[in-house]
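> The structure follows.
Read the figures in this text as sums done on the coordinates, not as results from a lab. These numbers were taken from a predicted model, which means no experiment stands behind them. Methodologically, a virtual Cβ is constructed for each residue, glycine included, from the backbone with ideal geometry; neighbour enumeration extends over all protein chains shown.
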């Protein structure tokens, strides 16, 4: 994957370049807004990672310019501003996702993957399939090896989110935001509880497990092998 | 309109002026009448004296003749002569029955209409009575004219007073209204509004000026808060970001022995950041700026979502979370913050109670209540439960910084909701009473 990082802090940039490189991604780095703008307009990237607090300029102004020039590359905004309104301001400016510093690298990586996988058209598949597990978004049914699995509405949404990102890690925070629309961090382990219930319905007594826990990162649904 | 102070003042002034006009009219009329009556009386007395003098040297019959002759002269008054037995002897007033001295009887005129006369009656030394009088018309006319003029003046005073009062209170109401609108816009989160100044330099302008200076000060304080928040965000989070990155980098190539301490260090760092983020969040909620984004929110929907999200975790931890009596309730608010409010209350119920506790969420009217049947909270602790960093003795062992309920209190305040803590024996009930939302809310 080819990524663009616009970030003025050299140490953070170096760390991200190294870590993303280790994860197998190519990274271009711009350390100010103008360079970032030139790169974003001139090259095709899978995801742009944009720091909001750039020297002398708000990253969101850069983002608006990028969007105004017709570039619809997914943008993940990084920010040290953790305010309640800041996320909304970021999304309004055309960001696709928003991550507050400091963050766990696993969180950044999972979100970058989720963004890059976003299909260009807004219509996702009606039927999602992973191995012998099938989820029909229209009929709202789930079957495994042809057997019907009964899920609560929220469990259905959770499985749908995981299957849409099949093969990729989905973090706890992504699930809180995507499934429950919670933009705060509950102290109770609601994600763990719901995943384990879902797992009990989908994977119990099966030879092949499809829902996996990725230690220190999150969950993933993937085909065996 | 009468509820405005200036209208009441104008009405009071008008009433005062009207009273003054009435008193003045009465005094003028009484004085003029008295002066006129005196003139009448002087003329009548002079004529009566002359006739009485005449009577001394002549008989009643001669006097009758003199009176008849006199009555024909120009400028003559009215006369009457009565015999000793009271029989009319001569003159137009001869048939009048009045006591001796001055009187003002009513005598029918040629058309039979009553006509006031001023009459002086006196007994004659030789027997009989002499009556001298004059038509009182001039006094009556004067009184009528004065009464009419003062009535017109009174009506004008009342009319002008009411009109002036109306204009004055309109003007005042407009200016007070402008200041009220400004204050309400600011309460609703629009910090840029200021009270208009008309430039007349009057007391209203001074009030608006002082108000604006106060608002500037508040805006400055809020701007500093925002500035401090973003400065802290940048200057604190940037090094912490690097610290976390270094720890993560170390962790990725750590051996089994050093992985544990590194993970613990990262967890400590995250917990400190979380406390810091929670404090900032409370401060931001308390600034009131979020009000600008209020929209219609279903309180019941939020309660249902929270119970749906937390019921399984509660069950796994040996507690029970139920939703009770939920009717659709719409309020004006911030869905994200209200969700957090309910989540914090429910989580407190789960975290700070023993296993086996039953937690209930109830939405009735425009109130939301979260109650449990756990051990409850002592009276002393209840009063401080919403303070920042306050943690009852019993809760010191559970994780958390004591900011959850402080945030709940801040969110409730933002929504103008009142929070009530009750001992429900056994257990604790927290109730947030919101203002009901009427979509067709009348314009001010």
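> Using a Gaussian network model on chain A with a 10 Å cutoff between Cα atoms, which of A:94, A:178, A:70 fluctuates the most?
Looking only at A:94, A:178, A:70, the largest GNM fluctuation is found for A:70.
> Output the 0 to 90 degree angle, nearest 10, between the alpha-carbon long axis of helix B:404-414 and the longest principal axis computed from the alpha carbons of chain B.
On a 0 to 90 degree scale, this one is about 30.
> Now, a different point. In nm, what is the difference between 0.36 nm times the number of residues separating residue A:44 and residue A:1 and their Cα-Cα distance?
Numbers: separation 43, 0.36 × 43 = 15.48 nm, distance 1.07 nm.
Full extension of this stretch gives 14.4 nm more.
> Mind checking which of B:424, B:157, B:119 has the largest fluctuation in a GNM of chain B, springs on alpha carbons under 10 Å?
Comparing B:424, B:157, B:119 in a Gaussian network model of chain B, the most mobile one is B:119.
> Give me the orientation-averaged projected area of the Cα convex hull of the protein assembly as shown, in nm², one decimal. Let's see the in-between values first.
Details: hull surface 216.9 nm².
The orientation-averaged projected area of the Cα hull of the protein assembly as shown comes to 54.2 nm².
> Normalised by the number of residues in region B:294-433, what is the relative contact order in percent for Cα pairs under 8 Å and 6+ residues apart?
Working: 248 pairs, mean separation 33.6, N = 140.
Computed over region B:294-433, the figure is 24 percent.
> Between residue B:268 and residue B:152, with labels modelled 7 Å along Cα→Cβ, what's the label distance in nm to one decimal, could you check?
My value for the distance between the label points is 9.8 nm.
> For region A:157-197 and region B:128-205, what is the separation of their C-alpha centers, rounded to whole Å?
71 Å
> Using only alpha carbon positions, build the gyration tensor of region B:132-215, then give the equivalent ellipsoid semi-axes as the square roots of 5 times its eigenvalues, largest first, whole angstrom. Working shown, then result.
On the way: eigenvalues 631, 25, 9 Å².
Taking √(5λ) for each Cα gyration eigenvalue gives 56, 11, 7 Å.
> Next up: If you look at just the Cα atoms of region A:71-225, how large are its Rg and its Dmax in Å?
When restricted to the Cα atoms of region A:71-225, Rg and Dmax are 16.2, 48 Å.
> Continuing with this model, one more query. Hey, what's the Kirkwood Rh for region B:294-433 if you take every pair of different alpha carbons, in angstrom?
On the way: mean 1/r = 0.0667 Å⁻¹.
For region B:294-433, the Kirkwood estimate is 15.0 Å.
> Then there's this: So what is the relative contact order of chain A, in percent, for Cα pairs below 8 Å that sit 6 or more residues apart?
On the way: 329 pairs, mean separation 29.8, N = 225.
Reported as a whole number, the value is 13 percent.
> For chain B, modelled as a Gaussian network with Cα springs under 10 Å, which listed residue fluctuates most, B:360, B:226, B:43?
Largest GNM mean-square fluctuation: B:43.
> Can you tell me the FRET efficiency between residue B:113 and residue B:171 if r is taken as the Cβ-Cβ distance and R0 is 41 Å, rounded to the nearest 0.05? Kindly include the intermediate steps, with their values, before the conclusion.
Details: r = 53 Å, r/R0 = 1.30.
Once rounded, the FRET efficiency stands at 0.15.
> Next question, about the same structure. If we restrict to alpha carbons, what Rg and Dmax does region B:185-286 come to, in Å?
According to the Cα coordinates of region B:185-286, Rg and Dmax are 23.4, 79 Å.
> Another question, if that's okay. Tell me, what does the Kirkwood hydrodynamic radius of chain B come to in angstroms if you use every pair of distinct C-alpha atoms? Write down the numbers at each step before the final one.
Numbers: mean 1/r = 0.0314 Å⁻¹.
Over chain B, the inverse of the mean reciprocal pair distance is 31.9 Å.
> A further question follows. In units of 2.2 N^0.38 Å, what is the alpha-carbon radius of gyration of region A:2-117?
Working: Rg = 12.6 Å, N = 116, 2.2 N^0.38 = 13.4 Å.
It is 0.94.
> Something else: Distance between the C-alpha centers of region B:41-66 and region B:265-309? Whole Å please.
113 Å
> Angle check, please: helix A:190-203 long axis (alpha carbons) against the longest principal axis of chain A (alpha carbons), in degrees 0 to 90, nearest 10.
50 degrees
> Calculate the mean, over all residues of peptide A:101-110, of how many other protein chain Cβ atoms lie within 10 angstrom of the residue's Cβ. List each step's numbers first, then the result.
On the way: counts 10, 15, 4, 5, 6, 1, 0, 0, 0, 0.
Counting Cβ atoms of other protein chains within 10 Å of each residue's Cβ and averaging gives 4.
> Something else about it: As a test, work out the antiparallel percent of DSSP beta bridges whose residues both lie in the protein assembly as shown, rounded to the nearest 5. Don't jump to the answer; show the numbers that get you there.
Numbers: 60 of 83 bridges.
Looking only at bridges with both residues in the protein assembly as shown, the antiparallel portion is about 70 percent.
> If each Cα of region B:5-142 is one equal point scatterer, what is log10 of I(q)/I(0) from the Debye formula at q = 0.22 Å⁻¹?
-1.32
> Given a cut-off of under 8 Å on Cα pairs at least six residues apart, what relative contact order in percent is computed for chain B?
Details: 575 pairs, mean separation 46.0, N = 444.
RCO, chain B: 10 percent.
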